[in-house]
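Visitor: Here it is, the structure, as structure tokens.
The values are calculated or read from the model by the stated rules, or taken from the named source; none is laboratory data. Being a predicted model, the structure only gives us computed values, none of them experimental. Backbone-built Cβ (ideal geometry, glycine too); neighbour counts: all protein chains shown. Note: areas computed on protein heavy atoms with side chains; ligands, DNA, RNA excluded. Shrake-Rupley method; radii C 1.70, N 1.55, O 1.52, S 1.80 Å.
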Protein chains: 2
Amino acid sequence: MQLREGSMSEEVLLARVKALEEEVERLKAQLKVERDGAKREERTETSTSHQTESLKHQEGEENRSKQKKRGAERPFDFSVHPRRHVALRLAYLGWEYQGFAVQENTDNTVEARLFEALLKTKLIQDRQTSNYHRCGRTDKGVSAFSQVISIDLRSTQYGGGLGVTVPAGVEVKGKGSAEELPYVKILNRVLPQDIRILQWAPVETGFSARFDCQSRTYRYYFHRGDLDVDLMAEAAKRYEGTHDFRNICKMDVGNGVLQFQRTILSASIQPAQLNPTCPNDPHELYFFQVKGLAFLYHQVRCMMALLLLIGQKLEAPEIIEQLLDVEKNPRKPQYSMAVDYPLVLYDCHFECVDWRNEPEEENHVLNSLHQHWVQNAVKTQVLLGMIQGLQKTTTEMTSLQCWLMEGSRQKKYQPLLDRPRCQSLESRIQHFVKRGRLEQEEGENGEETTVFRGKRSKHSHLTRTNQILEQNHGEKTQDCPLQNL
Amino acid sequence: MQLREGSMSEEVLLARVKALEEEVERLKAQLKVERDGAKREERTETSTSHQTESLKHQEGEENRSKQKKRGAERPFDFSVHPRRHVALRLAYLGWEYQGFAVQENTDNTVEARLFEALLKTKLIQDRQTSNYHRCGRTDKGVSAFSQVISIDLRSTQYGGGLGVTVPAGVEVKGKGSAEELPYVKILNRVLPQDIRILQWAPVETGFSARFDCQSRTYRYYFHRGDLDVDLMAEAAKRYEGTHDFRNICKMDVGNGVLQFQRTILSASIQPAQLNPTCPNDPHELYFFQVKGLAFLYHQVRCMMALLLLIGQKLEAPEIIEQLLDVEKNPRKPQYSMAVDYPLVLYDCHFECVDWRNEPEEENHVLNSLHQHWVQNAVKTQVLLGMIQGLQKTTTEMTSLQCWLMEGSRQKKYQPLLDRPRCQSLESRIQHFVKRGRLEQEEGENGEETTVFRGKRSKHSHLTRTNQILEQNHGEKTQDCPLQNL
């Protein structure tokens with residue numbers, strides 16, 4: 001590991017620096033999980049280590065890092081730069097994070113890293129004034145291949161353009177023809193390796209990543225093991241259409257989610273490999289793919305949990321209709337949802353958004369994904385080699401169990417409909433009405449309607465409108481008291 | 001990713017490398033503290049939970065756990081128990097460890113965990129008196145599916161038996177028929193999850209896991225990427241036979257390794273899956289399997305490095321003969337070896353050892369391997385899904401690079417034989433002769449022979465005999481100054 005100066009050419013040194021920087025990133029990511037204190041310290045270090053690279057793209061950065069050396073920080077003057085409303089498409093591995101959305105109880109979120117990068121690169125002045133919207137939230141441990149946000153970023157387009165706002169009285173001459181900032185490249189230079197910007201798009205100033213999203217697609221990966229995959233595929237179809245999912249999600253009444261009808265456009269089980277090695281290999285991988293307009297908190301993981309129970313023949317496919325029938329089953333039976341790490345927000349669909357690639361950048365992203373993949377794939381194969389080696393000597397054959405349910409499996413399975421039930425929606429509403437966070441009003445036609453009044457909590461910064469709109473967004477990051485039952 | 005190539009002077013780069021190396025060490029240290037902390041907790045948990053179960057087998061354990069509750073620890077009287085010389089076959093995932101063999105500079109080794117378990121369960125009194133031998137060492141990050149050790153363990157066989165020594169004057173009556181201790185179960189209860197005992201065997205008192213090992217088999221897993229696997233397979237054959245491998249290992253003269261002839265019984269490239277999905281899929285996995293009597297330090301990873309260069313068409317297969325020809329090439333060219341984590345000590349071959357399984361235990365081991373596998377397999381598939389999704393949108397197609405060489409690739413490849421060379425064996429010997437760790441003597445026929453005198457170092461506990469025998473064992477855990485060049 002020690003350095004032998006004489007014998008290193010510059011290119012070797014450059015390679016070594018690269019390798020070491022990657023190593024540092026990797027170690028920091030690991031530490032992030034293991035130690036809370038390490039996080040704060042880590043980021044300040046990353047920032048200094050990143051300054052060299054961002055120099056060439058960024059006067060902002062340049063000034064800043066120069067001043068850092070002098071110890072002083074001259075405020076960056078945003079008022080002389082145009083702003084541009086853009087959409088950013090990002091992918092991230094959520095395994096090391098507490099979820100996408102910023103939370104009060106932890107700093108270790110994808111959104112927190114994202115805003116650090118936006119602030120560090122002086123693309124925004126602050127979150128409040130950035131006109132920010134996200135397409136969906138993802139839970140702790142959940143990844144995204146296609147998360148989309150909309151936001152106003154610093155721009156070079158003094159001449160104007162789609163989504164561009166040029167501040168009044170700014171000297172324009174000679175600046176009109178400038179290329180837009182390489183947003184993808186700039187941000188990927190300062191983001192952690194497991195968060196990558198894929199594309200950007202100029203959009204109308206009114207565009208919202210949240211409200212203009214046409215539909216969202218999630219994938220949940222799993223291995224065949226001893227699951228009846230055909231039965232699961234048949235059962236998955238039963239989710240399609242518009243249903244009341246209050247028994248197949250975590251009811252989030254406390255955040256003003258009062259309406260549990262959601263529309264599933266498609267739900268299917270597909271093999272991960274187009275042409276499976278041998279169709280009955282218990283190690284074969286599949287995914288549950290579900291496309292919908294919007295999802296409730298923990299909805300996909302609850303949907304998957306039911307499919308896993310059906311695949312294990314512990315429940316009949318009819319259990320889905322039974323739980324979707326909220327007349328017959330107004331109260332959710334207590335059950336564990338599926339674990340977090342196999343879930344991916346795979347796609348967010350928008351109409352007429354003109355995505356821009358930065359080809360050079362795409363290769364960097366592909367390379368870093370490849371690098372992650374190689375390590376995981378090889379380790380997977382090492383384990384499989386051991387399993388197969390062991391199965392040769394074992395006297396009795398064990399089946400490849402399903403390890404994807406939270407909590408621990410019971411010796412004797414208790415059918416869902418015989419289990420203890422959670423509170424009904426009505427009693428939850430009463431609970432929050434008593435606490436003054438919900439209000440019962442008389443509707444136009446005299447019937448009683450419930451309205452959310454907001455609360456003093458980690459979501460208290462949201463307006464009442466936001467709160468009611470929570471009904472239409474994806475999963476949220478919060479603890480689920482039922483998840484281990 | 002964060003580097004502006006060609007833009008830094010050498011001094012700056014050297015400074016950066018030093019700084020980064022220090023940071024890496026610092027982070028590793030932090031991580032180790034976290035991990036050891038975590039491991040220790042985990043171990044004590046398992047051990048206490050184990051104590052309750054093992055009461056029925058183990059008076060020793062019983063007394064001990066009772067005393068634990070009283071807080072006092074009465075010394076365990078080993079003199080009244082028979083000793084039995086046994087072989088233990090163990091598997092471990094080496095990714096989180098600094099290697100198999102105990103080292104002075106770290107506590108994070110597989111052997112350290114193993115002896116903690118042997119002491120905790122009172123199967124041995126101490127390492128010194130335990131008549132311990134290991135079959136092979138494995139490097140930092142290297143795993144084993146079939147590591148074998150030989151050792152004397154506490155036994156119930158008062159009536160004697162293969163490998164049993166009954167202490168003189170011990171009350172035997174009524175104890176003759178007892179079953180042997182369930183060694184596998186006892187140890188797996190207290191070992192970390194990533195170290196598992198697979199089997200045990202009673203052996204003659206003279207048996208040594210190290211010296212009675214007939215041959216050792218290593219596997220190195222890799223993905224096809226853009227490698228020419230057929231060419232690699234053809235090249236691998238060139239390793240077979242008896243050759244001088246001084247240019248294809250790390251010369252370990254300092255530890256008395258003076259003889260570099262080794263015999264390779266077989267060397268091949270095989271697909272990891274018997275029936276590959278589609279033969280030209282760059283994500284297809286293979287392994288290099290090499291069987292030999294014994295291996296030098298870092299030999300397999302250097303052999304693999306050459307195969308990877310050949311597979312990338314950076315070197316011709318003939319490079320192997322050229323490097324095996326120590327007349328023409330007495331000095332090793334500087335090159336990076338292959339990374340550690342894909343390497344597995346896959347098998348150790350012994351004649352007429354009667355391995356005993358504990359079926360119930362086998363299922364536990366299989367289950368924990370499955371659990372590890374599921375997590376890795378699913379994460380691998382999540383990454384592959386992202387890669388495939390990205391390749392749909394990318395304007396230019398990138399090839400799946402080879403990420404298995406240490407350091408990282410240079411822009412322009414420099415052929416091995418044109419590279420700077422390491423010291424020759426002779427000058428290394430002179431170096432250690434000067435430092436008094438090697439001695440030049442006159443042999444019977446008047447020729448000069450070199451003899452190892454041991455050293456004051458982390459290996460100083462080894463006798464001279466051990467040191468000379470180092471010539472015949474597997475890889476050792478130590479830093480390799482060349483590994484990153």
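Visitor: What is the range B:247-363's relative contact order, in percent, from Cα pairs under 8 angstrom and six or more apart in sequence?
Guide: Working: 102 pairs, mean separation 32.4, N = 117.
Computed over the range B:247-363, the figure is 28 percent.
Visitor: While we're looking at this one, here's another question. Per 0.36 nm of contour for each residue apart, how much would the distance between A:Phe78 and A:Thr165 grow if the chain were fully extended, relative to their Cα-Cα spacing? Each step should come with its number before you reach the end.
Guide: Working: separation 87, 0.36 × 87 = 31.32 nm, distance 1.23 nm.
Once the chain is fully extended between A:Phe78 and A:Thr165, it gains 30.1 nm.
Visitor: Show me the trypsin sites (Lys or Arg not before Pro) within the range B:255-330 that DSSP assigns to loop and that have at most 16 other Cβ atoms within 10 Å of their Cβ.
Guide: Details: sites: B:Arg262, B:Lys291, B:Arg301, B:Lys313, B:Lys328; in loops: B:Lys313, B:Lys328.
Here the sparse-neighbourhood loop sites are B:Lys313, B:Lys328.
Visitor: Hey, another quick one. Please give the length that would be gained between A:Lys434 and A:Asn280 if that part of the chain were fully extended, namely 0.36 nm times their separation in residues minus their C-alpha to C-alpha distance (nm, one decimal). Please list the in-between numbers first.
Guide: Values: separation 154, 0.36 × 154 = 55.44 nm, distance 5.50 nm.
The span from A:Lys434 to A:Asn280 would gain 49.9 nm if fully extended.
Visitor: Give me the net charge of B:Val326's neighbourhood, meaning all other residues with Cβ under 10 Å from the Cβ of B:Val326; Lys, Arg count +1, Asp, Glu -1.
Guide: With Lys, Arg at +1 and Asp, Glu at -1, the net is +1.
Visitor: Over 22 Å between Cα atoms, which of B:Lys313/B:Lys411; A:Lys18/B:Lys18; A:Lys28/A:Lys140; B:Lys28/B:Lys411; A:Lys313/A:Lys411 qualify? Display every interim value, and only then the final one.
Guide: On the way: B:Lys313/B:Lys411 15 Å; A:Lys18/B:Lys18 13 Å; A:Lys28/A:Lys140 19 Å; B:Lys28/B:Lys411 29 Å; A:Lys313/A:Lys411 15 Å.
Over 22 Å Cα-Cα: B:Lys28/B:Lys411.
Visitor: To the nearest whole number, what is the average tally of beta carbon atoms from other chains within 10 Å of the beta carbons of peptide A:353-366? Walk me through the intermediate numbers first.
Guide: Details: counts 0, 0, 1, 0, 4, 1, 3, 1, 0, 7, 6, 2, 6, 11.
Mean shielding count: 3.
Visitor: The range A:215-351: Rg/Rh from Cα coordinates, Kirkwood Rh? Don't skip to the answer; put the middle values down first.
Guide: Numbers: Rg = 14.8 Å, Rh = 15.4 Å.
Answer for the range A:215-351: 0.97.
Visitor: Give the peptides A:302-311, A:371-380 in descending order of average Cβ contacts within 10 Å, highest first.
Guide: Details: A:302-311: 24.6, A:371-380: 22.6.
Packing order, densest peptide first, comes out as A:302-311, A:371-380.
Visitor: Roughly how crowded by other chains is peptide A:17-29, in terms of the mean Cβ count from those chains within 10 Å of each of its Cβ atoms?
Guide: On the way: counts 12, 8, 10, 12, 7, 3, 6, 8, 2, 2, 8, 4, 0.
Averaged over the peptide's residues, the number is 6.
Visitor: Tell me, what % of the accessible area of the range A:215-351 is carbon and sulfur with a 1.4 angstrom probe?
Guide: On the way: 2120 of 4290 Å².
The nonpolar share, carbon plus sulfur, comes to 49 percent.
Visitor: Moving to a separate point now. Could you tell me the convex hull volume per residue, in Å³, taken over the Cα atoms of the range A:312-383?
Guide: Working: hull volume 13.6 nm³, N = 72.
Residue-normalised Cα hull volume stands at 189 Å³.
Visitor: Continuing with this model, one more query. Once the range A:74-157 is represented by equal point scatterers at the alpha-carbon sites, with solvent omitted, what log10 I(q)/I(0) does the Debye formula produce at q = 0.10, 0.24 Å⁻¹?
Guide: One equal scatterer on each Cα of the range A:74-157 leads to -0.26, -1.18.
Visitor: Ordered shortest first, which distances in nm separate the 7 Å Cα→C-beta label point of B:Glu204 from those of the other copies?
Guide: 8.9
Visitor: If I take every Cα pair under 8 Å that is 6 or more residues apart in the range A:118-223, average their sequence separation and divide by the length, what percent do I get for the relative contact order? Walk me through the numbers before you get to the answer.
Guide: Details: 98 pairs, mean separation 29.8, N = 106.
This gives 28 percent for the range A:118-223.
Visitor: Now for a different question. Taking only protein heavy atoms and a 1.4 Å probe, what accessible area per residue, in Å², does the range A:215-351 have with all protein chains in place? Could you put the intermediate results ahead of the total?
Guide: Numbers: 4290 Å² over 137 residues.
That works out to 31 Å² for each residue.
Visitor: Can you give me the C-alpha center-to-center distance between the range B:233-295 and the range A:320-356, rounded to a whole angstrom?
Guide: 49 Å
Visitor: Which residues of the range A:217-234 bury at least 10 Å² of accessible area once all protein chains are present, versus their chain alone (1.4 Å probe)?
Guide: Residues of the range A:217-234 that lose at least 10 Å² of accessible area once the other chains are added: A:Tyr221, A:His223.
Visitor: What average number of partner chain Cβ atoms lie no more than 10 Å from the Cβ of the residues making up B:88-97? Can you show the working numbers first?
Guide: On the way: counts 0, 1, 0, 3, 1, 4, 1, 3, 0, 0.
Mean shielding count: 1.
Visitor: Here is a further query. Sort B:116-123, B:209-216, B:412-419 by the packing proxy (mean of other Cβ within 10 Å over each peptide's residues), most packed first. Walk me through the numbers on the way to the answer.
Guide: Details: B:116-123: 21.6, B:209-216: 19.0, B:412-419: 12.6.
Final packing ranking: B:116-123, B:209-216, B:412-419.
Visitor: Shortest first and in nm with one decimal, please list how far the B:Gly169 label point sits from its counterparts in the other copies (point 7 Å along Cα→Cβ).
Guide: So the distances to the same position in the other copies read 10.6 nm.
Visitor: If one takes the accessible area of chain A alone plus chain B alone and subtracts that of the pair, with a 1.4 Å probe, what total in Å², rounded to the nearest 100, results? It would help to have the intermediate numbers written out before the result.
Guide: Details: alone 25070 and 25350 Å², together 39820 Å².
Looking at A and B, the buried total is near 10600 Å².
Visitor: Another one. Identify the GluC sites (Glu not before Pro) of the range B:305-346 meeting these criteria: DSSP loop state and at most 14 other C-beta atoms within 10 Å of the C-beta. Each step should come with its number before you reach the end.
Guide: Details: sites: B:Glu315, B:Glu318, B:Glu321, B:Glu327; in loops: B:Glu315, B:Glu318, B:Glu327.
When the GluC sites (Glu not before Pro) of the range B:305-346 are filtered for loop state and at most 14 Cβ neighbours within 10 Å, B:Glu318, B:Glu327 remain.
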